[in-house]
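Dumping the structure here so I can ask a few things about it.
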Amino acid sequence: MKVSVAEAKNRLPELIKAVEDGESVTICRRGTPVADLIPTKMAGENKPNFGTLRGKVIEIDPHWWKPMSDEEVDDFLEGRY
């Protein structure tokens with residue numbers, strides 16, 4: 001099925017249903033195809049896996065978040081740190 005951009009805007013729910021039913025929908029601008037509506041693979045299956053880096057990240061300095069002293073800043077800027 002080919003539809004214009006304006007028609008697609010007005011009939012989007014119908015077009016989505018047609019795609020769900022297996023029909024091919026092409027949206028055209030001035031007769032030229034510009035987009036195809038296609039069904040997605042299973043939606044919502046890509047859930048994040050939290051904790052996958054647990055035990056793999058090594059904390060070198062447990063106090064990394066504390067501000068540096070003036071002496072440490074000077075050493076760092078001079079390349080001795």
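The values are calculated or read from the model by the stated rules, or taken from the named source; none is laboratory data. Quantities reported herein were computed from a predicted structural model and do not represent experimental measurements. Note that we place each Cβ from the backbone using ideal geometry, even for glycine, and neighbour counts take in every protein chain shown. Accessible surface is based on the protein model in full, side chains and every heavy atom, while ligands, DNA and RNA are left aside. Shrake-Rupley method; radii C 1.70, N 1.55, O 1.52, S 1.80 Å.
Please find, in a Gaussian network model of the chain (springs between Cα atoms separated by less than 10 Å), the residue of 67, 48, 13 whose mean-square fluctuation is greatest.
For the chain, modelled as a Gaussian network with Cα springs under 10 Å, the answer is 67.
For residue 41, give me every one of the aspartates and glutamates with a C-alpha distance below 12 angstrom, ignoring sequence neighbours fewer than eight places off in its own chain.
Within the straight-line cut-off, residue 41 pairs with 20.
Antiparallel DSSP bridges in the chain: what percent, to the nearest 5?
Working: 5 of 8 bridges.
Of all bridge pairs located within the chain, approximately 60 percent are antiparallel.
Go through (1) 12.9; (2) 14.4; (3) 18.5 and flag the label whose value is the computed Kirkwood radius over Cα pairs in Å for this structure.
It is the one labelled (3).
Please report, in debye to the nearest 20, how large the charge dipole of the chain is about its Cα centre when each Lys and Arg carries +1 at its beta carbon and each Asp and Glu carries -1 there. Spell out each step's value before the answer.
Values: 12 positive and 15 negative charges, 200 e Å.
Using Cβ point charges on Lys, Arg, Asp and Glu, the chain gives about 960 debye.
In the stretch 6-39, which trypsin sites (Lys or Arg not before Pro) are in a loop and have at most 13 other Cβ atoms within 10 Å, using DSSP for the loop call? Display every interim value, and only then the final one.
Working: sites: 9, 11, 17, 29, 30; in loops: 11, 30.
Filter output for the stretch 6-39: 30.
Suppose we flag GluC sites (Glu not before Pro) only when DSSP calls them loop and at most 15 other Cβ atoms lie within 10 Å. Which is the longest uninterrupted stretch of the chain? Display every interim value, and only then the final one.
On the way: sites that count: 23, 45, 59, 78.
That would be 1-22.
Using +1 at the C-beta of Lys and Arg and -1 at the C-beta of Asp and Glu, which of 37, 73, 24 has the Cα lying farthest in the positive direction of the dipole of the chain?
Comparing the listed Cα positions along the dipole, 24 ranks first.
So, for the chain, what is the accessible surface per residue at a probe of 1.4 Å, expressed in square angstrom?
Spelled out: the 1.4 Å probe surface of the chain, per residue, equals 95 Å².
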